[in-house]
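One structure below.
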Amino acid sequence: MIERSSVEIAGRMIANAKHAVFFTGAGISAESGIPTFRGEDGLWKKYDPEEVASIWGFRRNPRAFWEFSFALRNKLFAEPNPAHYAIAELEEMGIVKAVITQNIDMLHQRAGSKKVLELHGSMSKLDCLECKKEYDWGDYIEEFNREEVPRCKVCGSWFVKPRVVLFGEPLPRDVLEQAIEESRMADVFVVVGSSLVVYPAAELPYIAKSCGAKMILVNSEPTVADHIFDVKLYGKAGEILPQISKIVKEMKQKS
Ligand code: NAD
Ligand code: ZN
């Protein structure tokens, strides 16, 4: 059980923020039905990340990556949950200035968030690693639905890769730079659903903390970085964030 008072403290911090920034991970989408990587029902219990989610694995055998993606197919078209909507509402109120996400599922945008920094890219674009031709997701949706490994429509190569960051690949530089800047500017920094073990993403909360942000954690279990947080709320994001957004709304109405 989360203590009501801790949720209220977090709500008050966020309501008084001039520049709140959210940082999200796979846990925020768990209640939309997308499995996380680590933890109890994590994907890495079933798949080998070296094989299916690294750039060298992809170069060796793109089929393994695609079969992993086909297995997740239904999950990739999940709907945002109350946690995504609560963050979008806080942005609409002018409190949240940016959402930095490690997720590739685009659920923040679908919930209405405008300023979303996708540290690990998304499935919306694909690139041919051979001839560099760029594609939209829609160009390959039929092949994907038929569970066929996509082949470049220009050069015939099998190395057509969604613009997601695989293990062994650098993060998109401009996005990372903006995320660092937002973390520096944050007066309140809220981490939601991340184990904080994937670098360099996991460095951002430390940057925010060292620049003086008040730190809030919403996660179903403790993380390796719990000591940097002022308020820790252990539980489901889809239950906690709507409560926070309600408190913020009430406080704003009163003032
Ligand atoms: P992670 O899997 O390492 O950690 C997820 C954390 O969320 C865990 O600590 C877990 O306890 C917590 N959690 C689970 N359900 C929750 C809930 N309902 N409410 C609150 N917390 C909950 O995820 P990560 O830190 O994001 O790192 C994994 C990497 O995997 C990232 O790089 C990300 O790109 C990628 N990934 C993305 C998706 C997606 O796009 N939805 C899904 C899986 C993995
Ligand atoms: Zn090509």
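The values are calculated or read from the model by the stated rules, or taken from the named source; none is laboratory data. Small disclaimer: the values here were computed from a predicted structure and weren't measured. Here the Cβ positions follow ideal geometry from the backbone for every residue, glycine too, while neighbour counts run over all protein chains shown. Ligands, DNA and RNA are stripped out before the accessible areas are found, and what is left, the full protein with its side chains, is counted by its heavy atoms. Shrake-Rupley method; radii C 1.70, N 1.55, O 1.52, S 1.80 Å.
Roughly how compact is the chain, stated as its Cα Rg over 2.2 N^0.38 Å to two decimals?
With N residues counted in the chain, Rg over 2.2 N^0.38 Å equals 1.04.
Looking at segment 133-183, which trypsin sites (Lys or Arg not before Pro) are in a loop (DSSP not H, G, I, E or B) and have at most 11 other Cβ atoms within 10 Å?
Filter output for segment 133-183: Arg146.
In percent, how large is the relative contact order of the chain, given Cα pairs closer than 8 Å and 6 or more residues apart?
26
Determine the share of segment 39-163's accessible area contributed by carbon and sulfur atoms, expressed in whole percent, with a 1.4 angstrom probe.
Percent of accessible area from carbon and sulfur atoms in segment 39-163: 49.
Check Ala98: other-chain or 5+ apart residues with amide H under 5 Å from its amide H, H built from backbone geometry?
Those qualifying (amide H under 5 Å, at least 5 residues apart or on another chain) are Phe22.
Summing -39500 (n - 2.57) over the DSSP H runs of n ≥ 4 in the chain and dividing by its residue number, what mean residue ellipticity at 222 nm do you reach, to the nearest 500 deg cm²/dmol?
Per the formula, -10500 deg cm²/dmol.
Just list whichever of Lys209/Lys252; Lys125/Lys153; Lys46/Lys153; Lys45/Lys115; Lys115/Lys249; Lys46/Lys125 have alpha carbons separated by over 23 Å in the model shown.
As for pairs spanning more than 23 Å Cα to Cα, those are Lys209/Lys252; Lys46/Lys153; Lys45/Lys115; Lys46/Lys125.
Check Leu233: other-chain or 5+ apart residues with amide H under 5 Å from its amide H, H built from backbone geometry?
Sorted by chain and number, the residues that satisfy this are Leu217, Val218, Asn219.
Could you compute the FRET efficiency for Glu239 and Arg110, with r as their C-beta to C-beta distance and R0 at 30 Å, rounded to 0.05?
Approximately 0.90, to the nearest 0.05.
With the contact rule set at Cα under 8 Å and sequence spacing of 6 or more, what percent relative contact order holds for segment 147-255?
That works out to 18 percent.
Grab the beta carbon distance between Phe167 and Cys211, set R0 = 22 Å, and tell me the FRET efficiency rounded to 0.05.
The computed FRET efficiency comes out at 0.15.
Once phi is turned into θ = phi - 60°, what whole-Hz ³J(HN,Hα) does the Karplus curve with 6.51, -1.76 and 1.60 give for every residue of segment 78-83, x standing for Gly and Pro?
My calculation for segment 78-83 gives 6, 9, x, 10, x, 5 Hz in order.
Are there GluC sites (Glu not before Pro) in segment 33-140 that DSSP marks as loop and that have at most 10 other Cβ atoms within 10 Å, and which are they?
Glu40
Work out how much length Trp137 to Glu250 would gain on full extension: take 0.36 nm times their residue separation and subtract the Cα-Cα distance, in nm to one decimal.
36.6 nm
Calculate one ³J(HN,Hα) per residue across segment 10-23 by plugging θ = phi - 60° into the Karplus curve 6.51 cos²θ - 1.76 cosθ + 1.60, and present them in order as whole Hz with x for glycine and proline.
4, x, 5, 4, 5, 4, 8, 6, 9, 8, 7, 10, 9, 10
For the chain, give me the percentage of DSSP beta bridges that are antiparallel, rounded to the nearest 5 percent.
Bridges in the chain that DSSP calls antiparallel: roughly 25 percent.
Would you mind calculating the relative contact order of segment 20-119 from Cα pairs under 8 angstrom and at least 6 residues apart, reporting the percent as a whole number?
In percent, rounded to a whole number, it is 33.
No partner Cβ under 4.7 angstrom, meaning no disulfide-compatible partner by this rule: which Cys of the chain qualify?
So far as the 4.7 Å Cβ criterion goes, Cys211 stand without a partner in the chain.
What FRET efficiency comes out for Ser220 versus Arg12 if R0 is 25 angstrom and r is the Cβ-Cβ distance? Round to the nearest 0.05.
0.60
Answer rounded, prolate or oblate for segment 127-169, using the Cα gyration tensor with square roots of eigenvalues a ≥ b ≥ c: rounded when a/c is under 1.5, else prolate when a/b is larger than b/c, else oblate.
Taking the square roots of the gyration eigenvalues as a ≥ b ≥ c, segment 127-169 is oblate.
Once phi is turned into θ = phi - 60°, what whole-Hz ³J(HN,Hα) does the Karplus curve with 6.51, -1.76 and 1.60 give for every residue of segment 115-120, x standing for Gly and Pro?
Computed from phi, the couplings for segment 115-120 are 9, 10, 9, 8, 4, 10 Hz.
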